[in-house]
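The values are calculated or read from the model by the stated rules, or taken from the named source; none is laboratory data. Only a predicted model underlies this, so the values are computations on that prediction, with no experimental measurement involved. No Cβ is skipped: glycine too gets one built from the backbone with ideal geometry, and neighbour counts run over all protein chains shown. Quick note on the areas: whole protein, heavy atoms, side chains included, nothing else; ligands and nucleic acids left out. Shrake-Rupley method; radii C 1.70, N 1.55, O 1.52, S 1.80 Å.
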Amino acid sequence: MDTSATSSPAPEAADTPMTKAAPIEVKEFENLYEMAVAQFERAADMTDLNPALRAILSQPKNEIIVNFPVRMDDGSTTMAKGYRIQHNNILGCYKGGLRFSPLVHLDEVKALAAWMTWKCALADLPFGGGKGGIQIDPTQLSRSELERVTRRFTHALGNNIGPDYDIPAPDMGTNAQTMVWMMDTYMNTIAYASKNVSRHVVTGKTVASGGSLGRDEATGRGTVYNIASWAVENGVDLQHCTVAVQGFGNVGSYAARILQDEYGAKLVAVQDHTGSIGNKKGIDANELAGYVEQDGGVKGYGKADEMSAADFWTAECDIFIPAALEWQLTSDNAPNMKCRIIAEGANGPTTMAADKILTENGIEMIPDILANAGGVIVSFFEWTQNRRGETWYLDEVRHKLKRRIADAYDRVTQTMNHYGCTRREATSIAALNRVAQAYDERGIFP
Ligand code: GLU
């Protein structure tokens, strides 16, 4: 099979636009994976990707589905369905999170796995893309039930994961404790002498069990470093910026806190599954994070006013951070958004139709695979520390993260200039070119 000429030449800094992107026909997809493929095909068209590679990258390499029994606290047994999708590993081990949610389904996980391939490539990590999940509602399970689900799932996956093969991490509904249970289960199924050199079978662990300092804040911090790069590029002073955040979990709350504490920006509106709140004078992001941890959501927070969902979406702010589920920015709410820039802390929060509307309205976008890459970047640091038997200081982790984000951001800007395209198209193209180059060099076996 001829795989030559799969990629376009690497873009040079500040060169003139190569092509003006052809207008895109936009439709609202009902399936997240179809949207992920449409985004990929857009980049493939713009880079004139060779058909063989287009076919390879249009589908995941492996789709693993496991059905397994879990013993509940009341003595009954329930069946759970778990997924692990391994999209691509040309650049390195499959890498990506595990999601516990009643909404988890095959096409969602396939889309998320593909985005991990592009995210890792864009951040220049030696990783491919994978994603997994279990279709359960973790809020309805006791701690011991959650532990049994996690351990049994890990056991069911068997050799489909491994420290040098496929490395899960936290995502929605999972956390550092979930990863420690997975690591411990995995370690107990392998030879004695290999146990302690296998900690990197998962990342995002607690620090006591081999995690990295700074991994908990990493996704939100990466989002902020992207915003900081944009601010420098556009001469914007973040001290005078207002921020709205959708989703106040790990990503949203850390992003808001770091923007406030380190850059002087002001949080003015927040929405989560319990409601929407706003305060033009500012909401203390640290205090709100404490409140949410105790009360389970932003509703009822005393130092802000409750607002309708419609008011939240039209709130005046400079920076909008969607950090909840996919497909939150739609053709319904996008036309009325008043922010200057959107930084996608979540994966796939914007539908393609909304994306087009926002572009037409001159709202800038830092797309998910760039804006939320901080998590997997520090996962790479954790993996490296485990492999080398090292522990890095927090300032080292933050410094290295900042540099990687700044580099990725710059590569995207160069790609934007080179192709004369949007920042979303440029992220896909830069990532695709990296993967395509590896295929070009290695060829297809045999
Ligand atoms: N789940 C996160 C993401 O979507 C982190 C993945 C990882 O650290 O491997 O990027």
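Here TRP230 meets each of (1) open to solvent by 10 Å² or more (accessible area, probe 1.4 Å); (2) at pLDDT 95 or above with one exception, condition (1). For region 295-319, filtering for residues that are in contact (Cβ under 8 Å) with a residue 60 or more places away in the chain and of a type in the set (Gly, Ala, Ser) leaves 1. Of the residues screened, ASP216 is not one that is surrounded by fewer than 19 Cβ atoms within 10 Å (Cβ to Cβ) and either of a type in the set (Phe, Trp, Tyr) or out of contact with any Cys (no Cβ under 6 Å at 6 or more places or on another chain) (or both).
Out of all the residues in region 425-432, is one or more open to solvent by 10 Å² or more (accessible area, probe 1.4 Å), within 16 Å of the ligand (Cβ to nearest atom) and in contact with a strand residue (DSSP E or B) (Cβ under 9 Å, 6 or more places away or on another chain)? For region 425-432, residues open to solvent by 10 Å² or more (accessible area, probe 1.4 Å), within 16 Å of the ligand (Cβ to nearest atom) and in contact with a strand residue (DSSP E or B) (Cβ under 9 Å, 6 or more places away or on another chain): absent. Picking from residues in region 174-196 that are among the aliphatic types (A, V, I, L, M), more than 21 Å from the chain's Cα centre (by Cα) and at pLDDT 95 or above, the one that is nearest to the ligand (Cβ to nearest atom) is MET183. Among the residues of region 393-413, the ones that are farther than 21 Å from GLY345 by Cα and surrounded by 18 or more Cβ atoms within 10 Å (Cβ to Cβ) come to 0 in all.
Pairing each residue of region 382-395 that is of a type in the set (Lys, Arg) with any residue that is modelled with pLDDT of 95 or more and open to solvent by 30 Å² or more (accessible area, probe 1.4 Å), provided the two are 6+ apart or on different chains, yields no C-beta distance under 8 Å.
Is it the case, given these coordinates, that MET416 is part of a helix (DSSP H, G or I), away from the ligand (no atom under 16 Å from the Cβ) and modelled with pLDDT of 95 or more? Taking the combined requirement at face value, the residue satisfies it.
Inside region 127-138, residues that are within 16 Å of the ligand (Cβ to nearest atom) and either open to solvent by 50 Å² or more (accessible area, probe 1.4 Å) or charged (D, E, K, R) (or both) make up a count of 1. Cβ-Cβ contacts under 8 Å between residues 6 or more apart (or on different chains), taken from a first residue in region 335-354 that is part of a helix (DSSP H, G or I) to a second residue that is open to solvent by 10 Å² or more (accessible area, probe 1.4 Å) and within 16 Å of the ligand (Cβ to nearest atom), are listed as MET352/GLN39. Can ARG148 be described as surrounded by fewer than 17 Cβ atoms within 10 Å (Cβ to Cβ) and more than 30 Å from GLN39 (Cα to Cα)? Here the answer is no, as ARG148 does not meet what is asked.
With respect to (1) within 27 Å of ALA36 (Cα to Cα); (2) away from the ligand (no atom under 16 Å from the Cβ); (3) open to solvent by less than 30 Å² (accessible area, probe 1.4 Å), the lone exception for ALA114 is condition (2).
In this entry, GLY210 is excluded by the filter for residues that are within 16 Å of the ligand (Cβ to nearest atom) and surrounded by 22 or more Cβ atoms within 10 Å (Cβ to Cβ).
Filtering region 362-384 down to residues that are away from the ligand (no atom under 14 Å from the Cβ) and not in a loop (DSSP other than H, G, I, E, B), which residue is surrounded by the fewest Cβ atoms within 10 Å (Cβ to Cβ)? The extreme case among them is GLU364.
Scanning region 407-442 for residues that are over 13 Å from ALA44 (Cβ atoms) and touching a Phe, Trp or Tyr at 6+ places or on another chain (Cβ under 7 Å) returns a single hit, ALA426.
Is at least one residue of region 151-173 open to solvent by 60 Å² or more (accessible area, probe 1.4 Å), among the hydroxyl-bearing types (Ser, Thr, Tyr) and either in contact with a helix residue (DSSP H, G or I) (Cβ under 9 Å, 6 or more places away or on another chain) or modelled with pLDDT under 95 (or both)? The answer is yes; a qualifying residue exists.
Of all residues in region 60-88, those satisfying the criterion of being open to solvent by 30 Å² or more (accessible area, probe 1.4 Å) and either charged (D, E, K, R) or touching a Phe, Trp or Tyr at 6+ places or on another chain (Cβ under 6 Å) (or both) are LYS61, GLU63, ILE65, ARG71, ASP73, ASP74, LYS81. Of LEU91, LEU141, all but one fail to be without any contact (Cβ under 8 Å) to a residue 40 or more places away in the chain, buried (at least 18 other Cβ atoms within 10 Å of the Cβ) and of a type outside the set (Phe, Trp, Tyr); the exception is LEU141.
The strands (runs of 3 or more DSSP E) falling completely within region 27-101 that include 1 or more residues that are more than 16 Å from the ligand (Cβ to nearest atom) map to 62-71, 77-88. Within region 203-245, restricting attention to residues that are in a loop (DSSP other than H, G, I, E, B) and charged (D, E, K, R), the residue that is farthest from the chain's Cα centre (by Cα) is ASP237. The one condition from (1) of a type outside the set (S, T, N, Q); (2) within 11 Å of the ligand (Cβ to nearest atom); (3) part of a helix (DSSP H, G or I) that HIS200 does not meet is (2).
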